[in-house]
Amino acid sequence: MLLNYRRGFWGLFFVFLCLKSMYAQNQFSGIVVSEEGESIIGAQVILSEGDRLVALALTNEDGKFSIENVAIGTFMLEIHALGFAEYAQTLTFEKDIMDLRCVLQPDSAMMLGEVMAVGDRVRQTATGEVYYLSEKAKKSRNPFVALSEIPRLRVNTALQSIKMEDGSSPVVLVDGKPVNTGVNPIDPEDIASVEVVEVVSARYLQMGYKSMLNVKLKSKRRPYQFFQLAARSDILPGNGFGVGYFEVGSTKVSLFGRLSLNGTLNQDSNYEQWQESSEFHKASRGTNTLNNRGVNGDIMLKWQIGERDYMAAQFYGNKRKNLSEVRGEGLLRQALETPFALSSNSIDDSYILTGGLFYQHEFRDKSLLQARYGYNKNSNKLKGDRIEAYSGRSEDKYLFKYDNQRFSMNLEANYTKQWESGSNIDIGSNSRWINDKIGLVSEQLPIFNHKRFDEYLYASFSSKIGELHYMLSLGLEGIWLEAGEEKNSYWRPRVALSGNYVIDRRNTIRLNYNLTNASPSVGQLNPYNTSSDPFVITKGNHKLTPEQIHTVGLNYRLRLGSFVLTPLTVSYNHYTDRITQYSYMDKGVRVNTYQNDGKFDFLYWGANINYNFSDGLSYAYVGGGQNRYYFEAQGVQTTPLINAGVWWFKGKWMFGADINWQKYSYTPQSRTHYLSPTYAQVQINYNITPNFYIAVALQNFTGALTTETYLETGSFKSYNWDKQTNLSFRPWILLRYTIRKRPKKKIGIDNVLQSHEEGIKL
């Protein structure tokens with residue numbers, strides 16, 4: 001028995017050793033670098049055994065990766081990175097393998113100067129795509145030229161504007177920071193990747209953002225200096241601006257500054273309009289002349305306090321003055337027809353002052369804590385007159401004078417954690433306080449006070465299951481509102497869901513859903529009359545409640561070599577408690593105001609084709625679709641949309657042309673007919689030197705922007721025709737001079753911080 005016992009004991013012990021050897025777990029970590037020792041971001045690290053995938057990881061911003069729970073055995077290590085040759089090595093795990101250094105060689109095709117297709121330099125995410133710039137783009141010396149090779153973007157290098165395929169402007173982040181200097185000072189060689197976000201999380205839904213651009217920079221950068229001067233003017237006196245930028249610093253500390261002057265001289269438009277009800281018919285025609293001037297500037301500072309702590313501060317100011325002059329004649333028909341002469345003058349004088357602080361702490365596990373404080377003060381003073389001189393009677397004269405003020409503060413805290421597998425969690429809160437004071441001084445009415453406090457909590461999670469990238473995001477907003485004597489409070493949810501399925505390296509399909517809400521603006525709440533017409537009163541409704549918007553989107557994308565095709569894009573929007581205009585009669589005067597009038601549905605479907613030429617930077621695109629409007633108790637209203645353009649780089653020359661057109665737009669009460677393209681411009685750039693270029697453009701080459709709007713609500717009808725005569729076939733010229741330097745010695749700036757954020761406008 002004793003012998004049998006011993007045999008059983010040693011048998012169990014042997015089994016234990018076998019199991020221990022089979023299930024022993026090892027740690028594996030390393031860093032992926034280039035021949036020059038630079039960290040490679042976003043490299044794909046694969047451990048496999050035969051045809052079986054064992055583990056997958058991506059390198060972080062420092063080029064590092066980490067894989068846990070690797071069993072004892074022999075595996076194949078493969079590393080793939082855009083622009084580099086494939087790396088392969090056999091590894092035997094008997095114990096932990098830590099801090100393995102993997103050096104990647106340049107791709108031979110890239111060394112020969114061949115252009116890698118854009119589709120080969122893109123990585124899918126749950127909410128968009130991450131692009132890695134080509135070597136040619138990085139050496140372009142101009143960040144806007146470099147971004148031109150991304151097919152999702154529409155970039156104007158001369159005007160330094162970035163738009164999405166649908167014409168909207170994305171919010172620009174730099175290294176994930178909302179407080180930054182923008183794209184202009186960035187040297188393209190410092191760009192590690194560019195993330196295009198098409199579906200924002202609940203964090204950004206509350207801010208009203210629809211898309212984002214996140215430019216990630218290399219962690220190791222040298223000291224730098226950036227200076228730029230630019231001036232643009234219509235060849236015939238009209239619109240123009242002059243601007244100067246500078247930024248000096250390094251990854252530790254830097255200082256950014258900007259000063260801009262802009263103005264418009266005698267911008268004319270012709271108008272024809274009429275309005276009628278059962279009590280009157282009034283028609284007029286004439287001209288409207290605009291003159292304006294403004295100055296804005298900001299100073300932005302940033303400071304990398306230590307290895308894990310970053311601070312930024314910014315101050316922004318804007319001063320603007322707009323002058324409007326209307327001259328015309330008309331006919332009033334009541335019991336009798338009476339002709340009249342019309343004159344109106346107004347002066348709109350405003351300023352914005354904004355300041356903010358930003359702090360970021362990076363924990364040892366690479367998670368981030370961000371905090372941001374912002375303060376804003378706005379002032380708007382509006383005064384003017386409207387005189388209607390009738391034959392045979394005294395003139396009607398209306399004088400108006402407003403004194404409006406806004407004070408606001410916001411405080412945001414956010415925590416982000418990202419794992420090597422690509423999973424990400426994002427939680428935070430945003431508190432905002434607003435106090436508006438609207439004073440109609442000319443009528444000595446009491447000040448209308450609008451106070452609002454928002455508390456917003458949100459959380460997001462994104463990850464991957466196989467080839468499905470997904471994002472789940474929830475937010476809850478509490479709103480406490482005081483508009484005059486009216487007090488309300490609301491709780492409103494926000495939801496953002498997105499799934500992006502990678503069928504193969506050429507085909508992807510994305511489905512997303514958003515639930516958000518839009519609170520009434522202070523203008524929609526303001527109960528004071530903002531019209532100077534004695535027959536029509538325009539005022540807000542202080543009893544309005546927020547409207548809710550449900551959005552479902554479907555997008556299919558196909559890559560074929562240099563072509564990026566979007567053969568199907570569908571977006572369906574369902575509105576509840578929609579804020580719309582309505583009117584009623586009061587003592588013989590028409591009152592236009594706002595109401596929550598129920599439901600409204602909007603459907604867009606379309607397609608887009610983008611082609612990148614062989615140089616990698618030049619591209620052409622064409623797209624189109626249809627908007628469909630569904631109103632209660634009305635038929636379906638439809639309108640087509642078309643957009644097309646080409647941007648071609650050849651040596652020192654660049655040629656660009658864009659055109660956008662849609663036939664109609666609708667509201668429940670009105671229809672606007674666009675009699676000319678909404679945007680049309682051709683442009684030529686010539687680089688006189690590597691740092692100095694000239695641009696000449698012809699805007700509205702298809703003719704003056706002309707619209708006509710017809711409105712009907714109850715017994716009240718109106719019509720307005722407007723033609724911007726001075727913008728027809730209008731050429732302009734721009735000069736831009738840029739200096740980018742990389743000093744060998746460290747730039748001496750002490751305790752300096754940087755950021756950029758536009759002010760909150762009233």
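Bridging of residue 136 to aspartates and glutamates at a Cα separation below 12 Å is possible for 114, 149, 189, 615, once same-chain residues fewer than 8 apart are set aside.
Estimated from the Cβ-Cβ distance and a Förster radius of 56 angstrom, the FRET efficiency linking residue 252 and residue 331 is about 0.20.
For the stretch 554-647, the set of trypsin sites (Lys or Arg not before Pro) satisfying both a DSSP loop assignment and a count of at most 10 other C-beta atoms within 10 Å is given as 587. A simple spin-label model places the labels of residue 399 and residue 86 8.3 nm from each other, with each point 7 Å out along Cα-to-Cβ.
Amide H to amide H, with H built 1.01 Å from N, residue 38 comes under 5 Å of no residue 5 or more places away or on another chain.
Along the axis of the charge dipole computed for the stretch 332-415 (Cβ charges of +1 for Lys and Arg, -1 for Asp and Glu, origin at the Cα centre), the listed residues 384, 342, 373 are led at the positive end by 373. Put simply, when 253-259, 281-287 are sorted by average Cβ atoms within 10 angstrom per residue, most first, you get 253-259, 281-287.
Shown in residue order for the stretch 303-316 are the 3J(HN,Hα) couplings computed by the Karplus curve 6.51 cos²θ - 1.76 cosθ + 1.60 at θ = phi - 60°: 8, 7, 4, x, 5, 10, 10, 9, 10, 9, 9, 8, 9, 10 Hz (x for Gly and Pro). Relative to the current alpha-carbon distance between residue 445 and residue 637, full extension at 0.36 nm per residue lengthens the span by 64.9 nm. Between residue 540 and 526, 528, the built amide H atoms are under 5 Å apart, and every one of these is 5 or more places off in sequence or on another chain. How many angstrom lie between the C-alpha centres of the stretch 127-182 and the stretch 364-390? Their Cα centres are 26 Å away from one another.
For the chain, the mean residue ellipticity at 222 nm estimated from helices alone is -1500 deg cm²/dmol, where every DSSP H run of n ≥ 4 contributes -39500 (n - 2.57) and the total is divided by all residues, rounded to the nearest 500. Using the Karplus relation 6.51 cos²θ - 1.76 cosθ + 1.60 with θ = phi - 60°, the per-residue 3J(HN,Hα) values for the stretch 558-568 come to 10, 10, 10, x, 7, 8, 10, 9, 10, x, 8 Hz, with x marking Gly and Pro. The calculated FRET efficiency for the pair residue 95 and residue 361, based on their C-beta separation and a Förster distance of 45 Å, comes to about 0.85. Between residue 25 and residue 105, the modelled label-to-label distance comes to 3.7 nm, taking each label 7 Å out from Cα in the direction of the beta carbon. Please give me the summed charge of the neighbours of residue 278: other residues whose Cβ is under 15 Å from its Cβ, Lys and Arg +1, Asp and Glu -1. Net local charge, residue 278 excluded: +1.
Against the main long axis of the alpha-carbon atoms of the chain, helix 2-23 sits at an angle near 40°.
At R0 = 56 Å, how high is the FRET efficiency between residue 670 and residue 309 if r is their beta carbon distance? Nearest 0.05 is fine. Efficiency, from the Cβ-Cβ distance: 0.55. Cβ crowding within 10 Å, taken as a proxy for footprinting-reagent exposure, orders 203, 386, 506 from fewest neighbours to most as 506, 386, 203. Loop-located trypsin sites (Lys or Arg not before Pro) in the stretch 315-377 (DSSP state not H, G, I, E or B) with no more than 15 neighbouring Cβ atoms inside 10 Å: 364.
The phi-based Karplus calculation (6.51 cos²θ - 1.76 cosθ + 1.60; θ = phi - 60°) puts the 3J(HN,Hα) values of the stretch 481-495 at 10, 10, 10, x, 8, 8, 10, 9, 9, 9, 10, 10, x, 9, 9 Hz, whole numbers, x for Gly and Pro. Comparing Cα centroids, the stretch 553-579 and the stretch 665-727 end up 25 angstrom apart. Give me the Kirkwood hydrodynamic radius of the stretch 24-108 in Å, from all C-alpha pairs, to one decimal place? Computed over the stretch 24-108, the radius equals 12.9 Å.
Taking amide H as placed 1.01 Å from N in the peptide plane, the amide H of residue 618 sits under 5 Å from that of 613, 649, each at least 5 places away or on another chain. Answer with a single label: of [x] 49, 32, 25; [y] 55, 31, 26; [z] 48, 39, 21, which was calculated as semi-axes √(5λ) of the Cα gyration tensor in Å from the structure in view? Comparing each candidate, only [y] matches the computed number.
None of the figures in this text is laboratory data; all of them are computed from the coordinates on show. In this text the structure is predicted, and so the values were computed from the model without any measurement. We place every Cβ from the backbone using ideal geometry, glycine too, and count neighbours over all the protein chains shown.
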